[in-house]
């Protein structure tokens, strides 16, 4: 067996395929292709920088700026591929011949990278979540702060509703988008419903209790025609359960709940006709 074949990694291959591989490696990186690629990439970086700087002057909203920057990056990336594809097409044709020979091994080695790139494409086409959404993927939950080519970056939360952040940043490969179940709780600033529950003795003045709930909720929560506080009553044995349903921004529901509980419980304790009880 010729020593050159061993050094070139073509030992044992048919003559035609051996020649294809030699031709590919000998002309793999033409100088003019490298020069054109550097010019195109450098130009796109400058264009992206100018566009981002210009558009950032129009708004001070950090989330809006991030979304615009991501869209501009996507646009300049597509333009770069459009300009570079004709330049590298002859080389890609030679690469395809080599890929046909070693394709299975290459795909196996780069499986996770290819899946992550496919996941990134899926995220931009189907948009199961976007920057600013609060999601749960597998065992991790938090707010999406960036979507990159190979991974999604989360600001981790200790609770499913995203109201408490742990301070940690989680990097999840985009490949997980293709294999994990994703729960999307919506934008961090979105209005969402939540419920406060109170258990009262059946002999309590329920009408007065309902008035207190609605009065406190109306003062604390911004009311709209379709988001008025509602009180639902349910009898359980010798107790009556009052559920106060309200709406508030997602990240402030815990704080609002604490404030409402404190004020309502104080008013219940001051009223002789309202007695709290424990559900059995």
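Bear in mind that the values in this text are calculations on the coordinates, not laboratory data. Quick caveat, the model's predicted, so the values are computed rather than measured. All Cβ positions, glycine included, derive from the backbone under ideal geometry; neighbour counts span all protein chains shown.
The figures follow:
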{"read-out": "Efficiency of FRET between residue 117 and residue 195 - r from beta-carbon atoms, R0 35 angstrom, step 0.05", "value": "0.25"}
{"read-out": "Ranked list, fewest to most other Cβ atoms within 10 Å of each Cβ, for 259, 58", "value": "58, 259"}
{"read-out": "Contact order normalised by residue count of region 191-270, Cα under 8 Å, 6+ apart, percent", "value": "43"}
{"read-out": "Cα→Cβ-extended label distance, 7 Å offset, between residue 220 and residue 150, nm", "value": "4.7"}
{"read-out": "Packing-based exposure ordering (other Cβ within 10 Å, fewest first) of 242, 265", "value": "265, 242"}
{"read-out": "Where only C-alpha atoms are counted, convex hull volume of region 191-270 per residue in Å³", "value": "87"}
{"read-out": "Order of 133, 275 - criterion: other Cβ atoms within 10 Å of each residue's Cβ, fewest first", "value": "275, 133"}
